Amino acid sequence: MEAEPRKTKPLFVICGMLTNDEIWCSQSVETLITSLVPNYPVAGAPAEKAEARHQFIVSCAAFAQEGLMLQATENGTWAEETASAYEVDRLHANKTGRGDLGGAWAGVVPLVIVAPLSAARGSAARRALIGGNTLVVAGRSEADVLVSLRKLGMLTTAGRLDSPSQVTDPCT
């Protein structure tokens, strides 16, 4: 009689700017989030954890927006001095706001928006307001945080190492 193979716990991995390009591994996504989010309330209530993740993503989104504006300026494709007041205002606006209400965002610099903490995933109202050259990020769950950090370019690798559809082994 052959012994059944031992099941191992999943292994999650992140790597990128936020980890100083070091590979961080854990058997828990929450442990990785705790390592990234300052003062993450490990023993806190779910709502408290969600708020901490959301605020972290808001600050990351603001940082990324500034970087996208700087990159476009350095590339010569955008200048704050010649952009419309509306465009400059939207790019500098609080990242927890809604998408461009005048239709799809057509600015040269992508508009970074953080989905509201209370918004339902894929809600029709949210889809109708956001379009064009936008990056929508969220912090409702630990997985949302990792996906959002990849979208923002702050992590180059994030996911489950033993799942072929998510990430490849960063050591190979």
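The values are calculated or read from the model by the stated rules, or taken from the named source; none is laboratory data. The structure presented is a predicted model; accordingly, all values stated were derived computationally and were not measured. Cβ: placed from backbone, ideal geometry, glycine included. Neighbour counts: every protein chain shown.
Cβ-Cβ contacts under 6 Å between residues 6 or more apart (or on different chains), taken from a first residue in the range 51-68 that is closer than 13 Å to D144 by Cα to a second residue that is part of a helix (DSSP H, G or I), are listed as R53/V145; I57/S148. For the range 138-153, check the following and say yes or no: at least one residue is at pLDDT below 90 and in a loop (DSSP other than H, G, I, E, B). Scanning the range 138-153, I find no residue that is at pLDDT below 90 and in a loop (DSSP other than H, G, I, E, B), so the answer is no.
Looking at G97, G67 in this structure, which one is modelled with pLDDT under 95, among the small types (G, A, S), within 21 Å of A115 (Cβ to Cβ) and out of contact with any Gly (no Cβ under 7 Å at 6 or more places or on another chain)?
G97
Given the condition acidic (D, E) and at pLDDT 75 or above, answer yes or no: does some residue in the range 100-113 qualify? There is no residue in the range 100-113 that is acidic (D, E) and at pLDDT 75 or above.
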